[in-house]
Structure formats: C-alpha cells, structure tokens
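Since the structure comes first, as structure tokens, the remarks are kept for the end.
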Amino acid sequence: MTYTTLISATDLQSLIASGAPLMVFDCSFDLTQPSAGAQQYADAHIPGATYANLDTDLSARHGAPGATGTVTAQEADEPASGGRHPLPSRERFAMWLSSVGFANGMQAVVYDRNGANYCGRLWWMLKWAGHDAVAVLDGGLQAWQAAGGALASGAEPARFQSNFELRAPLRPLASAADVQAALQQPGQTLIDARGAPRYRGEVEPLDPVAGHIPGALNRPFTENIGADGRFKPAAVLRAEFEALLAGRDPATVVHQCGSGVSALPNMLAMEVAGLGKTTLFAGSWSEWCSDPSRPVERG
C-alpha cells in the first residue's frame, strides 16, 4: 500500500515490519533555536530515521561542493523561491535525497514533534520532485511513542548513496510575480497560515513589514490539529475549509505563511479533506514584503 497524505503510527509500525522499501525522516526544528531540532533528533528519534534540517537540507544554500552530472553547482544552487527559507532548486534537492540514500522506489514517511509544522515542507518537496509516495506521520513522534514505538538516540549508520531521479512536479509552485499578477482575480484564493495577530499586522516578530497580502484569508495552521495532536477528521476539516472559502473554488487556493513552511499543514489538511491539490507560494510574506512596491493590507 502507498501512503500519500497521512500515516498512523500503527500503520508505520506494520510498514517497517513488512520490510517494504522505506525511509523515515525526522524534520524537527525550532525557528528561535535552529540547532535544537538536530539535538532533539540526537536525543530521541524513530529507529533508522534520517534527520532533515530545515535550514541546511530543505532550504537553498549556495556554494555547496560536489555537484555532479549535467547540472552545474551554480545552477543547482539557484533558489527556486525567495523569502526567509528559499526553496533549493529541484536539482539540488535531488542531490540531497541521493546523498542520504533515498530512491524513487521508496515510501517516505516524514514527522516532527512540532504539530506537523516542519515535516510538511519535506512532504511537499517530495511531491514537487515528482514523488507521490510520501506521508506525514499523524501525531508526530508523540503518537509514535504513545503507540509503543521504540526510540533510538545518537547517529544512524550512513546509507549507500542512491540516484534519485526527478520527475514531473505533482504540486504547483507560485512565484511572487504570479501571486501579484492574480490579485483580485477569481482564479486565485490566498490562504495565510500565520497566527491571527501577525496576519492582522498587530505584531511582526520575524519580517520587516507587518500585515498581509491584500485579499488573503486567514487560517492558522494550528487549526488543523485536534486536541489529541493528530489532524482533525476529514469531514471536520472539509467543513472548516468550506466555511472559510465561502463558495470559492478550492482549486484556486494558493497557500502562504511567513516563509513557506507552516503553510503546508493547510495544504495537507485540504487534501485529507478531499478538496484536491492546491498551490504553494513558497516565498510567502517574507518575500512579498521585501519589495516596497507590493501592496500590504492590515486588519
């Protein structure tokens, strides 16, 4: 069986026991303490899991050595988006996947201990790389522990390098220019995943300008998670998103947040709810507000 949205802790245990081709990724992170996620992984993680660092593995970096093949290091390091966490190019991402031993025939399972805030990035990036067999561990490491899952600590043995091959993207990516060109058009519905005070422009702890993109709707990404730490039931999510959209076509949705990371739980929730595939504006507010000519809305 292939998992493409969520996987439960018990299903992951069964998948591991079956010996199916599988890689588990721990994406735990802390924006205020960037080294904390790696330390949390070292302290406790699902046995065999690979650590995926938001800053160094899942965001663009320049001048990285060792690019091979027909893509030059310069081309591979050209970011695919702007913002505080710019996407690496698909080529650079494929190089990283190959370096940690991930291959096209594998099921990927991603998790964190942060309410799916960070693992959604890797879930989306694998879809963007053309790999559909990726699922978020529902409830994260906490659910794994509650289900009696074993934990490991320290470093994991290195895997043999693979040759991950990029395929056609399975999820669309919008640029700042795309979003600006479609402002006030019926073909675009922006959903901002930041907390309501940031959306309204009352506070802005990370970016130089407060506010939101004109016309954007607000759904904090935390609203997708129930009291048990797992995603809410599909029917509940569907009702909540339909109320937010108020008749707008779900296919027109473009997700954004501060830097393109916490927008992904909203996208995943819409897919769990059966509302189809939507678009990511990865540069999000941090890229939008970097250009003073772009309009800003408050309130």
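A short reminder: the numbers here are calculations on the coordinates, not readings from a lab. As the structure is a computational prediction, the values presented were derived from the model and not from experiment. Here the Cβ positions follow ideal geometry from the backbone for every residue, glycine too, while neighbour counts run over all protein chains shown.
Scanning segment 284-299 for residues that are on the phi < 0 side of the Ramachandran plot and either of a type in the set (S, T, N, Q) or surrounded by 15 or more Cβ atoms within 10 Å (Cβ to Cβ) (or both) gives TRP285, SER286, GLU287, TRP288, CYS289, SER290, SER293, ARG294, VAL296. Tell me which residues, restricted to segment 277-296, are in contact with a strand residue (DSSP E or B) (Cβ under 9 Å, 6 or more places away or on another chain) and of a type outside the set (Val, Ile, Thr). Scanning segment 277-296 gives LEU280, PHE281, ALA282, GLY283, SER284, TRP285, GLU287, TRP288. When the criteria are applied in full, PHE160 fails the requirement of being surrounded by 13 or more Cβ atoms within 10 Å (Cβ to Cβ) and of a type in the set (Phe, Trp, Tyr). Of all residues in segment 192-201, those satisfying the criterion of being farther than 9 Å from PRO220 by Cα and in contact (Cβ under 8 Å) with a residue 60 or more places away in the chain are ARG198, ARG200, GLY201. Residues in segment 1-59 that are in a helix (DSSP H, G or I), over 30 Å from PRO205 (Cα atoms) and of a type in the set (Gly, Ala, Ser): ALA9, SER14, ALA17, SER18.
Please go through segment 218-266 and give me each residue that is among the charged types (D, E, K, R), touching a strand residue (DSSP E or B) at 6+ places or on another chain (Cβ under 7 Å) and surrounded by fewer than 17 Cβ atoms within 10 Å (Cβ to Cβ), ordered by number. If the condition is that a residue be among the charged types (D, E, K, R), touching a strand residue (DSSP E or B) at 6+ places or on another chain (Cβ under 7 Å) and surrounded by fewer than 17 Cβ atoms within 10 Å (Cβ to Cβ), then ARG248 is the only one that fits.
I'd like the residue in segment 220-262 that is among the aromatic types (Phe, Trp, Tyr) and part of a helix (DSSP H, G or I) and, out of all such residues, is farthest from TRP123 (Cα to Cα). For segment 220-262, the residue satisfying everything is PHE241.
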